[in-house]
Amino acid sequence: MPVSERITKVTASQTMKVAAKAKELRAQGENVIDLSVGEPDFPTPQNIKDAAIKAINDNQTRYTINSGTIELRQAIKEKLKNENNLDYDLSEISVNSGAKQSVYNALQAVVNAGDEVIIPAPYWVSYPEMVTLADGVSVVIDTSLETSFKITPQQLREAVTEKTKAFIFCNPSNPTGAGYTVDEMKEILKVSREFNFYIIVDEIYEKLVYGDYKFVSFASLDLSLKDRIIVINGVSKAYSMTGWRIGYTAGPADVIQGMNKVQSHSTSNASSVSQAAAVEALVGPQDEVEVMRLQFEKRRNYFAEELNKIDGIKCNLPEGAFYIFPDVSGLFGKSVGERKIESSLDIAMYLLDEVRIAAVPGSAFGAEGYMRFSYATSMESLEDAVQRIKSAVSKLN
């Protein structure tokens, strides 16, 4: 008996081939440097772990309210008010099992069959697949290194049709690290006012920004659009809590209610212990966040500079997150022996086979000709990785 048509439309991850090969090589004892991971390499801060241990010892191990504990939603409410100038009632906040579920639930709550969702590319790999699972249609806006991976207001305006239901805006971006300025966001908001669609704002990397770039929450720039803006965030990236699986959503009460319905029939509440830990993450000391941010900035500066020294590779200096997304199309058409480089997947597999570097091809993010390297690893590993990449590229003719 066949599976559902909806599932057949969802594509398998383009990174699985690289991931499977990397796992196989590690099992053989090979020294693989993994630059594909989307999570901090730092431990979760001790005060957060202590809060979780206390929650366990206090027997906070049962079901919570489906939308999240009052304590955590109150902490989120205060965080959004104090840090982002956003005011939400507890009924307008939902706690989810990771920001990924937050985006998924939001799309399930607002998208009808055939509705269009506008997504700038390069995009996080799951966005289009989530739209498909909501029976929607992805409308992709292409960007490039030359445009700093940012869409223009005109591109957004031209992508809107009578079927447009939502626009996904990730800032800072995964996979590019691009960060929009306040002026750039205001221009996008001007277009948004002309049309009636939801804006799903993914701000999971808000605290990991560098140089002169200052993060400002998109929703705070036009409070008149509050009934259409859905804010997604979480504790995974800033607090090195990826495995704890706590994301959250703030938005219109009817959308949040719909999201809670979806969650009630899928995962129910997020982990009770993780929710207690997330309270401490948000209200406790923030020193460790800055320690991690400074280390990421140092790695970013080094890695971008070194990659730009390699013939056939060029990149910009990302404003946030912990990824660099270089243009590697200058390596296309080259070969070594009988091996030809004709795509970003070819480069990913070549780097893995030749010098044991695991990275993600740009095609996985809707951007052929690019690669995503994560610098969420030690400086020592990055220095080793640079030498390996240089060695591999030097062999191509």
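All of the numbers you see were taken from the coordinates with simple rules; none came from a lab. As the structure is a prediction and not an experimental result, all values here were calculated from the model. FYI the Cβ positions are ideal-geometry reconstructions off the backbone, even for glycines, and counts take in every protein chain you see.
Here are the numbers for the structure shown:
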{"quantity": "Proximal aspartates and glutamates relative to K165, as straight alpha-carbon distance under 13 Å, when same-chain residues fewer than 8 apart are discounted", "calculated": "D115, E116, D135"}
{"quantity": "Pairwise centroid distance, computed over Cα atoms, of the stretch 252-330 with the stretch 346-385, Å", "calculated": "18 Å"}
{"quantity": "Electrostatic dipole magnitude of the stretch 40-105 [Cβ: Lys, Arg +1; Asp, Glu -1; Cα centre; debye, to 20]", "calculated": "180 debye"}
{"quantity": "5 angstrom amide H check on C170, placed H, neighbours 5+ away", "calculated": "D202"}
{"quantity": "Under-5 Å amide H pairs with Y323, H placed in peptide plane, nonlocal only", "calculated": "Y375"}
{"quantity": "All aspartates and glutamates inside 20 Å of K334 as judged from Cα atoms, apart from same-chain residues fewer than 8 positions distant", "calculated": "D311, E342, D346, D353, E354, E368"}
{"quantity": "Calculated FRET efficiency for the pair E383/E158, C-beta based, R₀ 51 Å, to 0.05", "calculated": "0.70"}
{"quantity": "Among Q263, S274, W124 the positive-end extreme of the charge dipole of the stretch 46-283 (Cβ point charges)", "calculated": "S274"}
{"quantity": "0 to 90° range, to nearest 10: angle between helix 46-57 axis and the chain longest Cα axis", "calculated": "50 degrees"}
{"quantity": "Estimated [θ] at 222 nm from DSSP helical runs (n ≥ 4, -39500 (n - 2.57)) normalised by residues in the chain, nearest 500", "calculated": "-12500 deg cm²/dmol"}
{"quantity": "Distance in nm between pseudo-label sites at N308 and I70 (7 Å out along the Cβ direction from Cα)", "calculated": "5.4 nm"}
{"quantity": "Calculated on alpha-carbon atoms, Rg and Dmax of the chain in Å", "calculated": "21.1, 63"}
{"quantity": "Chain lengthening between T147 and A20 when straightened (0.36 nm per residue, less Cα-Cα)", "calculated": "42.4 nm"}
{"quantity": "Pairwise centroid distance, computed over Cα atoms, of the stretch 32-103 with the stretch 156-171, Å", "calculated": "29 Å"}
{"quantity": "For the stretch 268-273, Karplus couplings with θ = phi - 60° (6.51, -1.76, 1.60), whole Hz, Gly/Pro x", "calculated": "6, 6, 5, 3, 5, 5"}
{"quantity": "Residue-by-residue Karplus 3J(HN,Hα) for the stretch 214-229, coefficients 6.51, -1.76, 1.60, Hz, glycine and proline x", "calculated": "10, 7, 9, 5, 4, 5, 6, 7, 8, 5, 5, 9, 4, 6, 10, 9"}
{"quantity": "Directionally averaged projected area (convex hull, Cα atoms, the stretch 46-283), nm²", "calculated": "12.3 nm²"}
{"quantity": "Rounded to the nearest 20 debye, dipole of the chain from Cβ charges on Lys, Arg, Asp, Glu", "calculated": "560 debye"}
{"quantity": "F42-Q257 pseudo-label distance in nm [points 7 Å out on the Cα-to-Cβ vector]", "calculated": "4.1 nm"}
{"quantity": "Exposure proxy ranking, count of Cβ atoms within 10 Å, fewest first, for F296, F325", "calculated": "F296, F325"}
{"quantity": "Other-chain or far-sequence residues with amide H under 5 Å of Y248's (modelled H)", "calculated": "N96, N233, G234"}
{"quantity": "The stretch 46-283 - charge dipole about Cα centre, Lys and Arg +1 at Cβ, Asp and Glu -1, debye rounded to 20", "calculated": "520 debye"}
{"quantity": "Vicinal HN-Hα couplings computed from phi for the stretch 67-79 (Karplus, 6.51 cos²θ - 1.76 cosθ + 1.60; Hz; Gly/Pro x)", "calculated": "7, x, 4, 4, 4, 6, 5, 5, 5, 5, 4, 5, 4"}
{"quantity": "Förster-model FRET efficiency, 35 Å R0, A12 and N59, C-beta, rounded to 0.05", "calculated": "0.25"}
{"quantity": "Out-of-range pairs (alpha-carbon distance over 27 Å; input K309/K340; K100/K214; K298/K395; K150/K226)", "calculated": "K298/K395"}
